[in-house]
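Reviewing the structure listed below.
What follows is calculated from the coordinates using simple rules that are stated; it is not laboratory data. Every value quoted in this text rests on a predicted model; they were computed, and no experiment measured them. Note that each Cβ is placed from the backbone with ideal geometry, even for glycine, and that neighbours are counted across all protein chains shown.
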Amino acid sequence: MDIARTPSIADGNPQMADAPPVPAQPPLIRRADYKPFPWLVPEIRLHFDLGIETTRVVSTLKVAPNPDAAADDVIRLNGDGLQVSSVKLDGLPVKNWEMDGPDLVLPLSAGEHEVEIVTEVSPEKNSQLMGLYASNGMLCTQCEAEGFRRITFFPDRPDILSTYLVKMEGPVAQFPVLLSNGNKVSAGESAGGRHWAEWHDPWPKPSYLFALVAGDLVARTDSFTTMSGREVDLAVWVRAEDLPRTEHAMDSLKKSMKWDEEAFGREYDLDVFNIVAVSDFNMGAMENKGLNVFNTKYVLADPDTATDGDYDAIEGVIGHEYFHNWSGNRVTCRDWFQLSLKEGFTVLRDQLFSQDMQGEAVKRIEDVRVLRAVQFPEDSGPLAHPIRPDSFREISNFYTATVYNKGAEVLRMMRTMAGPVAFRQGTDLYFERHDGEAATCEDFVKAMEDGAGLDLRQFRLWYSQAGTPKVEVSLTHKGDTATLALKQTVPPTPDRIAKKPMPIPLRLALFDRDSGSHDGEQLVILSEAEKTIAFEGFARSPVLSINRGFSAPVSIEREVSTEDLVFLAAHDDDPFARYEAMQDLVVAHLVAVCSDSLTGAAQEAGRKAIAGALRKVLTDDRLDDSMRGELMMLPGQTYLAEQFLVADPGRIHAEREALKVALGVALESELIALHERASTLPATLDHASRGARKVKAQALVYLAAGNPDVAAKMAAAQYDAAQTMTDRQGALMVLTGLPGVARTDRLIDFYNRYRGNELVVDKWFALQASSLHPDAIEHVKALANHPDFNLRNPNRVRSLYMAFAGNPHAFHAASGEGYRMIADLILALDPINPQTAARFVPPLGRWRRIEPQRAALMRAELERIAATDGLSRDTYEQVTRSLG
Ligand code: PHE
Ligand code: ZN
């Protein structure tokens with residue numbers, strides 16, 4: 001794709017792409033309306049005559065009546081913006097078909113038939129990146145959820161499973177590599193410098209798992225021997241210059257394959273497994289059968305260009321897509337309302353994999369941090385939905401933190417209640433029972449009941465009720481008895497007001513204050529609205545540690561003394577609970593400060609307590625650095641805002657920064673000592689060195705607040721000496737927030753050093769857009785006009801604008817300018833790439849939970865978007881729900 005001249009927002013004229021035609025009010029699709037399709041399509045043959053400008057597609061479907069559905073005398077084939085060249089039925093041209101909106105409807109008598117349809121599409125004009133599109137001169141596809149209908153007419157729904165035979169043909173020079181799902185069955189040369197390849201996928205699959213890639217790519221190859229002794233050829237396909245950065249991806253793939261055999265008994269089922277990296281991609285990656293397509297961000301890594309966090313994310317996403325081969329592909333979804341069946345389950349699987357690879361404690365903390373930063377706000381806002389939604393207008397809007405991350409938490413609760421062994425019996429039964437089928441969430445729950453021996457009747461509410469449950473906890477003590485009182489409420493959400501109590505598994509322990517230990521952890525399941533439990537044998541009031549390991553995705557509310565939190569932060573043997581105690585300590589303090597409920601003296605005392613706890617974290621030599629780094633992190637702005645019914649983002653930001661200043665001042669010498677000690681470790685990828693880099697970055701963050709001059713010198717020195725991207729980015733992040741020449745020099749250096757490396761230039765954009773610098777808004781405006789900014793590349797758009805929307809002082813500028821910039825972006829991007837545009841709506845959608853002046857400004861921007869003609873279905877749905 002030629003991106004030499006790309007539209008910028010400042011142009012104000014984004015009318016250049018194939019904007020989808022949009023009805024005034026896109027229809028609401030309901031889960032309750034599911035009906036099986038009248039026809040089956042056991043086989044499809046596809047022939048692609050490939051070209052960047054035009055690709056001709058001949059699709060031949062074998063169709064037969066579906067015995068499990070009411071018969072129909074027509075077949076409705078979904079399309080989206082397709083040109084029909086011809087239609088044949090049983091080998092003969094027919095004219096009796098008609099278009100109904102975007103769909104093709106063909107009369108069909110009972111019995112088996114062959115339907116052949118010829119269509120043409122234009123990959124280079126496809127800026128939505130759904131269907132067949134061009135990226136850097138190569139062709140690739142993205143079909144989930146409803147992209148296959150942008151390639152050819154088909155019953156584009158996940159309960160239609162077909163075997164695919166795919167022939168691709170095109171110029172050798174332009175497309176030397178031709179890939180599709182399954183195994184390559186034949187290939188050859190044809191006249192005029194052209195060649196072809198034919199691929200066959202023996203496993204019946206839904207259309208959303210179809211993929212094709214054609215381009216000038218090279219591969220890192222390897223092989224894996226499965227548990228039954230079959231050899232699988234592995235390949236990671238990239239542009240030639242990226243080949244040196246594929247080793248980690250390949251390692252991650254082999255680890256994933258091994259782990260799924262050991263942890264879930266799942267073996268790979270084809271002779272080849274291909275991964276292709278593309279620069280233009282709407283999401284992280286896609287699990288197409290045997291041919292995973294990845295955003296380059298989740299493939300390419302070397303220490304000079306990728307951070308330790310990038311390494312972990314690559315391992316996690318490669319695992320995720322690989323694990324879909326069973327949870328998603330061999331057992332797929334009946335309809336898109338069941339999305340969490342494959343996504344929640346696969347997120348749980350990738351989390352457990354990463355826990356085993358990277359360490360359980362830190363991974364769990366990171367996963368909970370993401371859940372709270374992204375899913376909790378979603379669950380308490382206008383876009384709240386259950387993990388199994390009841391309706392949608394555009395399914396792309398439901399690839400959410402709720403379906404993915406809360407979905408994983410719901411399964412994790414089942415695992416906690418059953419124990420890992422019984423849970424595995426449940427998943428074994430699920431795979432055995434539903435292999436080759438399109439299943440439902442209910443099927444999974446049933447298999448878990450039968451296989452793991454759980455009674456999940458009440459637990460099913462987790463699938464239908466949205467909203468983060470609140471659990472009020474109080475512990476009283478009398479004589480030698482400690483009494484725990486628990487009370488749950490599930491908050492109302494836009495879809496439903498009245499809610500029922502749900503089973504909430506809470507791991508808890510009661511600590512003896514003197515010995516600092518406890519007599520064993522217990523699992524309490526709170527199934528009723530209220531419950532009290534008495535614990536005997538406590539002469540002194542114990543310290544309660546509850547929701548250990550974050551055993552339930554709830555918010556715990558309790559009166560707890562600073563003293564108890566300080567105790568837990570230092571003594572809890574559950575690492576998550578220790579982290580949680582540190583977080584609670586800070587959250588309680590900042591909430592009180594922001595509510596003006598503390599006297600000056602009380603505020604001083606609060607800061608002292610936090611500084612004391614943090615000092616222990618900095619100096620406790622039994623802690624490993626990667627855990628220390630977690631304990632050093634302050635609760636994020638969005639999680640803090642969640643604590644208020646109506647939040648003042650300006651105040652929260654200011655108080656959080658003020659606390660950072662106080663901590664940076666109080667702990668300056670400890671922070672410098674920690675940074676110095678950590679700087680002696682080598683620039684290697686082992687656990688200890690990675691932990692050291694993490695605490696270095698954290699130490700700089702506090703020092704930058706407490707003593708900016710010292711921090712600027714240390715950060716500049718760290719930047720200049722950096723041998724890893726982790727160190728370089730950590731230093732540059734701090735410098736970017738501080739005015740001064742060190743900032744400018746290093747930003748210029750960084751750009752010049754890495755210009756041409758898309759993923760690193762993305763970091764350069766993101767660092768500036770998320771910085772604490774007072775002029776961050778101006779920086780973002782300038783960057784939007786930078787020659788490297790490009791509205792057509794989702795990674796670049798996100799690196800500038802997602803970072804900006806997550807930067808509290810800039811996005812929430814009291815003038816409303818930040819809101820206007822995001823609304824302008826949405827309007828400019830919507831005609832080009834609606835799926836990505838719609839993802840910028842949620843930050844504005846938070847208005848109801850924001851103080852009135854900013855709320856009015858946010859709402860006004862949403863109304864301006866809503867009043868725009870020709871909005872995509874994606875943006876229309878998100879904006880109207882947000883205005884509610
Ligand atoms: N199914 C992909 C995943 O989670 C996500 C995805 C959805 C990718 C839609 C592209 C488009 O693994
Ligand atoms: Zn997935």
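For the stretch 550-555, take each phi angle, set θ = phi - 60°, evaluate the Karplus expression 6.51 cos²θ - 1.76 cosθ + 1.60, and give the result in whole Hz per residue in order, putting x for glycine and proline.
6, 5, 9, x, 10, 10
For the stretch 192-303, list log₁₀ I(q)/I(0) at each q in 0.13 Å⁻¹, using the Debye formula over Cα point scatterers of equal strength and ignoring solvent, two decimals each.
Debye intensities relative to I(0), on a log10 scale: -0.53.
Just need the relative contact order of the stretch 776-875 here, percent rounded to a whole number, with Cα pairs under 8 Å and 6+ apart.
For the stretch 776-875, the relative contact order is 24 percent.
Could you give the angle, 0 to 90 degrees to the nearest 10, between helix 562-571's Cα long axis and the longest principal axis of the Cα atoms of the chain?
The angle comes out at about 70 degrees.
According to the Kirkwood expression over distinct Cα-Cα pairs, how big is the hydrodynamic radius of the stretch 589-703, in Å?
Every distinct Cα pair counted, the radius reaches 15.2 Å.
With viscosity set to 0.890 mPa s and temperature to 25 °C, compute the Stokes-Einstein D of the stretch 704-770, Rh being the Kirkwood radius across alpha carbon pairs; µm²/s, no decimals.
Once the numbers are plugged in, D ends up at 208 µm²/s.
Under the Kirkwood approximation for Rh and a Cα-based Rg, what ratio Rg/Rh is obtained for the stretch 804-875? Intermediate results must be reported in sequence, preceding the final value.
Numbers: Rg = 11.6 Å, Rh = 12.1 Å.
Computed over Cα atoms, the ratio is 0.95.
Lys/Arg Cβ at +1, Asp/Glu Cβ at -1, dipole of the chain taken about the Cα centre: which of Tyr164, Pro102, His589 is farthest positive-ward?
His589
Excluding same-chain residues fewer than 8 positions from Lys363, which lysines have a Cα within less than 26 Å of its Cα?
Of all the lysines, those that pass the test against Lys363 - Cα under 26 Å, at least 8 places apart if same chain - are Lys254, Lys255, Lys258, Lys297, Lys342, Lys406, Lys470, Lys616, Lys660, Lys694, Lys696, Lys763.
Roughly what % of Cα-Cα distances in the stretch 669-748 sit above 22 Å, to the whole percent?
Summing the P(r) tail past 22 Å for the stretch 669-748 gives 17 percent.
Give me the percent relative contact order of the stretch 644-730, please, defined on Cα pairs under 8 angstrom at least 6 residues apart.
Dividing the mean separation by the residue count of the stretch 644-730 yields 29 percent.
Give the residue from Asn793, His812, His779 lying farthest towards the positive end of the charge dipole for the stretch 752-813; charges sit on Cβ (+1 for Lys and Arg, -1 for Asp and Glu) and the dipole is referred to the Cα centre.
Of the candidates, Asn793 comes out farthest on the positive side.
Of the options Phe576, Val554, Ala602, report the single residue whose Cα projects farthest towards the positive end of the charge dipole of the stretch 548-624 (beta-carbon charges: Lys, Arg +1; Asp, Glu -1).
The one lying farthest along the dipole's positive direction is Ala602.
Over the alpha-carbon set of the stretch 450-593, work out the extent along each principal axis and list the three values in angstrom, largest first.
Largest to smallest, the principal-axis extents are 46, 41, 28 Å.
Which loop-located trypsin sites (Lys or Arg not before Pro) does the stretch 518-603 contain, where loop means any DSSP state but H, G, I, E or B and the Cβ has at most 12 other Cβ atoms within 10 Å?
Arg540
How would you rank Glu851, Glu528, Glu144, going from fewest to most other Cβ atoms within 10 Å of each one's own Cβ? Spell out each step's value before the answer.
Working: Glu851 17, Glu528 13, Glu144 24.
The most exposed by this proxy come first: Glu528, Glu851, Glu144.
Starting from the exponent 0.38 and prefactor 2.2 Å, build the expected Rg for the chain from its residue count and divide its actual Cα Rg by it.
Normalised Rg, Cα atoms only: 0.96.
Does anyone have the angle between helix 247-264 and the longest principal axis of the chain? Alpha-carbon axes, 0 to 90°, nearest 10?
Roughly 90 degrees between the two axes.
With a 10 Å Cβ neighbour count serving as the proxy for reagent exposure, in which order, fewest first, do Glu580, Glu394 appear? Let's see the in-between values first.
Values: Glu580 25, Glu394 20.
The most exposed by this proxy come first: Glu394, Glu580.
By what distance, in whole Å, do the Cα atoms of the stretch 307-355 stretch along each of the three principal axes, largest value first?
Principal extents (largest minus smallest coordinate, Cα): 38, 18, 15 Å.
Could you tell me how far the Cα centroid of the stretch 780-856 sits from the Cα centroid of the stretch 232-270, in Å?
36 Å
On the first, second and third principal axes, largest extent first, how far apart are the outermost C-alpha atoms of the stretch 521-606 in Å?
Taking the Cα atoms of the stretch 521-606, the three principal extents are 40, 29, 24 Å.
What dipole magnitude, in Debye to the nearest 20, does the chain give about its Cα centre under +1 on Lys/Arg Cβ and -1 on Asp/Glu Cβ?
It works out to roughly 1420 debye.
Just to confirm my numbers, what's the Cα centroid distance between the stretch 76-128 and the stretch 488-542 in Å?
58 Å
Which whole number of Å³ per residue matches the convex hull of the alpha-carbon atoms in the stretch 740-884?
96 Å³
Please list, by residue number, every one of the trypsin sites (Lys or Arg not before Pro) in the stretch 190-299 that is coil in DSSP and has at most 15 other beta-carbon atoms within 10 Å.
Here the trypsin sites (Lys or Arg not before Pro) that fit, given the DSSP loop and packing criteria, are Arg230.
Would you compute, from DSSP H runs of 4+ residues alone, the mean residue ellipticity of the chain at 222 nm, taking -39500 (n - 2.57) per run and dividing by the full residue count, rounded to the nearest 500?
-12500 deg cm²/dmol
Can you tell me the relative contact order of the chain? Whole percent, Cα pairs under 8 Å, sequence separation 6 or more.
Reported as a whole number, the value is 10 percent.
From the Cα gyration tensor of the stretch 125-250, with a ≥ b ≥ c the square roots of its eigenvalues, which class applies: rounded if a/c is under 1.5, or else prolate if a/b is larger than b/c, or else oblate? Intermediate values should be presented prior to the final figure.
On the way: a/c = 1.39, a/b = 1.10, b/c = 1.26.
Since a/c stays below 1.5, the shape of the stretch 125-250 is classed as rounded.
Magnitude of the Cβ-charge dipole of the stretch 26-142, K/R +1 and D/E -1, about the Cα centre, nearest 20 debye?
220 debye
At a Cα cut-off below 15 Å, give the aspartates and glutamates reachable from Lys184, other chains included and same-chain residues fewer than 8 away excluded.
Answer for Lys184, where 15 Å is the Cα cut-off: Glu169, Glu198, Asp201, Asp233, Asp269, Asp271, listed by chain and number.
Mind jotting down the distance between the C-alpha centroids of the stretch 423-481 and the stretch 688-754, whole Å?
45 Å
Rounded, prolate or oblate, given the Cα gyration tensor of the stretch 272-368, with a/c below 1.5 counting as rounded?
Verdict is oblate for the stretch 272-368.
What is the angle, in °, between the Cα long axis of helix 407-418 and the longest principal axis of the Cα atoms in the chain? Nearest 10 is fine, range 0 to 90.
Helix 407-418 sits at roughly 70 degrees to that axis.
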